[in-house]
Amino acid sequence: MKFALIFLISSLGGVLSGEHFHSFMAGFGIAAVAVGTGYWLAFRCSTRYPQLALLMLLMGMMAKMGVTIAGVMWGLEANVINSPIVFSLSYLFFSIVVTYLYSKLREFQMARAVSAKGEDSLKAKTA
C-alpha cells in the first residue's frame, strides 16, 4: 500500500509539473544519486568501531552535499532546471522517498542475513 501511494504521488507530481518536467526529473535524479551515494558510504563499515561508523556517516553526508551541489550546478548550466520551485519540491520529496526505500532495502537485507545465519547454525547443529 505504501509503495502504491508513493507511486501515485510521484506520478501526480510529474503530471502537475508537466510544463517543468525537466526540473522535476532533475530533482528526482539528483536526489536519488545523492541519497544513494550517502547511503552507500554511510553503511560500509562494521558497527564494532563506533568512531569509524561516525566517520562514515559524516563522509556520507558530505558526499550527499557534494553530489547535490554538483548536480544543481550541472542542471543550471545545462538549462535543465528551469523552475527552481518544481526542482526543490521534487528534490525534497524524492530525497525522503529514496531514503525510505533504501531503509526498507537495508531492513530486508539484514533480515535475510539473520535468517541465513540461523539456517547455517541449525545445519551445523544437526550435522
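Listing for the model above:
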read-out	value
Ranked packing of 94-104, 7-17, 34-44, 53-63, most packed first, by mean Cβ within 10 Å	34-44, 94-104, 53-63, 7-17
Accessible area of region 3-61 belonging to carbon and sulfur atoms, whole % at 1.4 Å probe	78
Shape category assigned to the chain from the gyration tensor of Cα positions, a/c cut at 1.5	oblate
Region 69-119 - percent of accessible surface contributed by carbon and sulfur, probe 1.4 Å	70
1.4 Å probe accessible area per residue over the chain, in Å²	72
Using alpha-carbon coordinates, inclination of helix 50-77 to the longest axis of the chain, degrees	20
Pairwise Lys count, the chain - Cα closer than 30 Å, eight or more residues apart or different chains	7
Net charge of Cβ neighbours under 15 Å - reference TYR100; Lys, Arg +1; Asp, Glu -1	+2
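The values are calculated or read from the model by the stated rules, or taken from the named source; none is laboratory data. These numbers were taken from a predicted model, which means no experiment stands behind them. FYI the Cβ positions are ideal-geometry reconstructions off the backbone, even for glycines, and counts take in every protein chain you see. Heads up: the accessible areas ignore ligands, DNA and RNA and are worked out on the full protein's heavy atoms, side chains in. Shrake-Rupley method; radii C 1.70, N 1.55, O 1.52, S 1.80 Å.
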